[in-house]
Number of protein chains: 2
Amino acid sequence: MGEFDLIRRFFTWPTPRAVVGVGDDCALLAPNIGTHLAISTDTLISGRHFFADVDPYALGQKALAVNLSDLAACGARPSAFVLALTLPEVNTAWLEAFAKGLFDLAQTHGCELIGGDTTRGPLTITITVFGEVPNTPAGGVTHGIATGALLRSGALVGDDIYVSGSVGDAALALRALQGKITLPVSVMAAARARLERPEPRVALGMALREVASACADVSDGLRGDLGHILERSQLGAALQWDALMPLLATRQNYPGGALAFDASFGSDFAAQCVLGGGDDYELVFTAAQTKRMAVTHAAKQSATPVTRIGTVVSGHGIALLDTNGKTLPPLDAGDFAAFDHFSLG
Amino acid sequence: MGEFDLIRRFFTWPTPRAVVGVGDDCALLAPNIGTHLAISTDTLISGRHFFADVDPYALGQKALAVNLSDLAACGARPSAFVLALTLPEVNTAWLEAFAKGLFDLAQTHGCELIGGDTTRGPLTITITVFGEVPNTPAGGVTHGIATGALLRSGALVGDDIYVSGSVGDAALALRALQGKITLPVSVMAAARARLERPEPRVALGMALREVASACADVSDGLRGDLGHILERSQLGAALQWDALMPLLATRQNYPGGALAFDASFGSDFAAQCVLGGGDDYELVFTAAQTKRMAVTHAAKQSATPVTRIGTVVSGHGIALLDTNGKTLPPLDAGDFAAFDHFSLG
């Protein structure tokens, strides 16, 4: 099967909103008036970002999900994507399942495949995704940038810090798949779903447009991604230890409860998962304290759980506080210190 | 060096036209009113699309050039691109040269790097490029698609067929590098420049917007890419053998002239290069016979040589005609038959 047959068979799908979709030299989009175009690109490589034998349906979903998560982080409505797919061989059963996973998620989010490139080589998936945000700011202009998009740079001292859903479970599943730890079967299934079937928080991101002051997605770990917000906002953060620990769903739902989890793995390990684990694709965001009702409303509107975990402070870095507001000693990052898709060995 | 340091050091460049460039979850573009956004993506893989030891400066240029060539084919003005770069290792000398090649060409075309992803793995470069075209058709609406972009589908019976520059020389250089043929040193240098430093015909594409009826870039070979126009226009073509042969610059400039080239390689081989060779990144286009002056003007305005090579006819397929208009027997495609970036062994 040549490239053109392959595209025709597996990757040609109606594109009612694009002016021109797959099949010409370029795809053509007609941007809506009053919008900015949000663009993000992410690569997944076999053996690095996923195991070669991963379920191709889940892989198709995840390849798009990690890109949609970047759109969610800036509050954009997904519109289209292009797919650069490098395949070691033409395996029609694999391709059918991969394409189904991809298109199922694409349809859920109204995101059209409008172009791509198919090449032969080591299994690699690069998706570039497009979305739209209003081009006028809801509140003030952030650092001279006038846009209705959520940026990383807008956090202010005193803002609350929030994270959506649960974090750390994907990293836990990865360690179990690597044979570093053992999880009970039902726990492993739930954790693995977090790793292999992340749900991009697109609805929450859009609902937060006029609410959050800054936002990023949690792809490299909560500490790292909150760190991006803080770095670009030139501020620090104080996080509540007690608010962080319940974010690890695996620990909450562990047979025997959190105490049993901690007895098996240690509470520091749970904290390491929450702060250092990657691949969750939740949103971490900041909002003025006056926006607490609006945050609750955005969470409800998007049917997405949200937890307040701390406060933006002057200075830099992330401090962990106990229930009395006392600073805890810095957490040893363990093997999470090195989490970086690029330098990860 | 981690991913973020690497991006900061080699791939951060001013982006005066983007609303947000490298460094946030998404890049943001502000589309101009009255435009369509043209998008194309292309992957280059080491060992398939280029030799692993290729000059990194030339590779940086080519990775962007092949994408700009797609914009040229639809008449778009380049605006921005994102880069997904997979590297086996961090080699700073290599990265510096690669980035310089990339940014030199980007600056020439006013095309900003606005985002990307850097991962570790087998050397792979995927660029997604963005450009703008007017959103209103110059002439009539083609197949119900209202756009000012050049499409593959607009050719009409009786239209002239043109190709820009020279074609076949890149394929000749590839065969020499593969050890299949031997070329004199000066000839090889010129042919190799065509393979490794293609010049995307951006200015010509833009000049052809209100002139050409259909256009494609010559990336897979003249026969294949003209074939795309014909297939989408549901028509055939008659090409003049005598107009095709001089398109191979290597043959024209061969020591002793075309006759000496043909004596060494055979005239059929020259024709195979012209019709079947890939990687030229010229434009093949059609235009009404009433537009001959306008085509000449577009060529002059963009300082790009253009050759009229035949006529669009009813039916399908590509016929080769001799000087008397007699149909020549079909050319044996030789080893060019299999040219397909995907299925190429």
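Per-residue answers, yes or no, for (1) within 12 Å of another protein chain (Cβ to nearest Cβ); (2) touching a helix residue (DSSP H, G or I) at 6+ places or on another chain (Cβ under 9 Å):
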{"site": "B:Leu28", "(1), (2)": "yes, no"}
{"site": "B:Gly47", "(1), (2)": "yes, no"}
{"site": "B:Tyr57", "(1), (2)": "no, yes"}
{"site": "B:Leu68", "(1), (2)": "yes, yes"}
{"site": "B:Leu71", "(1), (2)": "yes, yes"}
{"site": "B:Lys100", "(1), (2)": "no, yes"}
{"site": "B:Phe103", "(1), (2)": "no, yes"}
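Let's see how each residue does on (1) crowded, with 19+ Cβ neighbours inside 10 Å; (2) of a type in the set (Ser, Thr, Tyr); (3) in contact with a Cys (Cβ under 7 Å, 6 or more places away or on another chain):
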site	(1), (2), (3)
B:Ser233	yes, yes, no
B:Ala237	yes, no, no
B:Asn253	no, no, no
B:Cys273	yes, no, no
B:Thr290	no, yes, no
B:Gly334	no, no, no
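Among the residues making up segment B:212-221, those that are touching a strand residue (DSSP E or B) at 6+ places or on another chain (Cβ under 6 Å) and more than 9 Å from every other protein chain (Cβ to nearest Cβ) are B:Ala212, B:Ser213, B:Ala214, B:Val218.
In segment A:262-271, the count of residues that are in a helix (DSSP H, G or I), within 25 Å of A:Asp70 (Cα to Cα), open to solvent by less than 20 Å² (accessible area, probe 1.4 Å) and not hydroxyl-bearing (Ser, Thr, Tyr) is one or more. Checked against the criterion of being closer than 23 Å to A:Asp70 by Cβ, modelled with pLDDT of 90 or more and surrounded by fewer than 21 Cβ atoms within 10 Å (Cβ to Cβ), the candidates A:Thr128, A:Thr136, A:Thr92, A:Thr108 yield just one match: A:Thr108. Restricting B:Gly144, B:Gly168, B:Gly131, B:Gly158 to residues that are among the small types (Gly, Ala, Ser), on the phi > 0 side of the Ramachandran plot and in contact with a Leu (Cβ under 7 Å, 6 or more places away or on another chain) narrows the list to B:Gly168.
Screening A:Ala190 with (1) within 14 Å of another protein chain (Cβ to nearest Cβ); (2) within 30 Å of A:Asp104 (Cα to Cα); (3) part of a helix (DSSP H, G or I) gives one miss only, at (1). Of the numbered criteria (1) without any contact (Cβ under 8 Å) to a residue 40 or more places away in the chain; (2) within 11 Å of chain B (Cβ to nearest Cβ), the one A:Trp94 fails is (2). Total residues in segment B:17-32 satisfying the condition of being aliphatic (A, V, I, L, M), over 13 Å from A:Gly148 (Cβ atoms) and surrounded by fewer than 24 Cβ atoms within 10 Å (Cβ to Cβ): the figure is 2.
You will find that of B:Ala238, B:Ala260, the residue that is more than 21 Å from B:Leu328 (Cβ to Cβ) and of a type in the set (A, V, I, L, M) is B:Ala260 and no other. Against the list (1) in a helix (DSSP H, G or I); (2) without any contact (Cβ under 8 Å) to a residue 40 or more places away in the chain; (3) β-branched (Val, Ile, Thr), the condition B:Thr182 fails is (1).
Taking the criterion of being among the charged types (D, E, K, R) and in a helix (DSSP H, G or I), the residues of segment A:218-261 that qualify are A:Arg223, A:Asp225, A:Glu231, A:Arg232, A:Asp242, A:Arg251. Based on this model, can you work out whether A:Gly101 counts as open to solvent by 10 Å² or more (accessible area, probe 1.4 Å) and either in contact (Cβ under 8 Å) with a residue 12 or more places away in the chain or in a helix (DSSP H, G or I) (or both)? Against the criterion (open to solvent by 10 Å² or more (accessible area, probe 1.4 Å) and either in contact (Cβ under 8 Å) with a residue 12 or more places away in the chain or in a helix (DSSP H, G or I) (or both)), A:Gly101 does not qualify. Checked against (1) more than 14 Å from chain B (Cβ to nearest Cβ); (2) within 23 Å of the chain's Cα centre (by Cα); (3) of a type outside the set (Lys, Arg), A:Ala80 passes all but condition (1). Across segment B:30-45, the qualifying residues are those that are in contact with a Leu (Cβ under 9 Å, 6 or more places away or on another chain) and either more than 7 Å from chain A (Cβ to nearest Cβ) or of a type outside the set (A, V, I, L, M) (or both), and the one among them that is farthest from A:Asp225 (Cα to Cα) is B:His36.
Of everything listed in (1) open to solvent by 20 Å² or more (accessible area, probe 1.4 Å); (2) more than 17 Å from the chain's Cα centre (by Cα); (3) within 13 Å of chain A (Cβ to nearest Cβ), the single unmet condition for B:Leu113 is (1).
In the set B:Ala212, B:Ala203, only one residue is open to solvent by 10 Å² or more (accessible area, probe 1.4 Å) and in a helix (DSSP H, G or I); that residue is B:Ala203.
Specify which of the listed residues (B:Leu283, B:Leu320) is touching a Phe, Trp or Tyr at 6+ places or on another chain (Cβ under 9 Å), surrounded by 16 or more Cβ atoms within 10 Å (Cβ to Cβ), within 14 Å of chain A (Cβ to nearest Cβ) and within 29 Å of B:Gly75 (Cβ to Cβ). Sole residue among the options that is touching a Phe, Trp or Tyr at 6+ places or on another chain (Cβ under 9 Å), surrounded by 16 or more Cβ atoms within 10 Å (Cβ to Cβ), within 14 Å of chain A (Cβ to nearest Cβ) and within 29 Å of B:Gly75 (Cβ to Cβ): B:Leu283. Residue count for segment A:34-84 under the criterion of being open to solvent by less than 10 Å² (accessible area, probe 1.4 Å) and in a helix (DSSP H, G or I): the result is 13.
When A:Thr119, A:Thr147 are checked against the criterion of being facing chain B (nearest Cβ under 10 Å), modelled with pLDDT under 95, assigned to a loop (DSSP other than H, G, I, E, B) and out of contact with any Cys (no Cβ under 6 Å at 6 or more places or on another chain), A:Thr147 stands alone in meeting it.
The values are calculated or read from the model by the stated rules, or taken from the named source; none is laboratory data. What you see is a predicted model; the values in this text were computed from it and never measured. Don't worry about glycine lacking a Cβ; one is built from the backbone with ideal geometry, like all the others, and counts go over all protein chains shown. Protein only, heavy atoms only, side chains kept; ligands, DNA and RNA dropped before computing areas. Shrake-Rupley method; radii C 1.70, N 1.55, O 1.52, S 1.80 Å.
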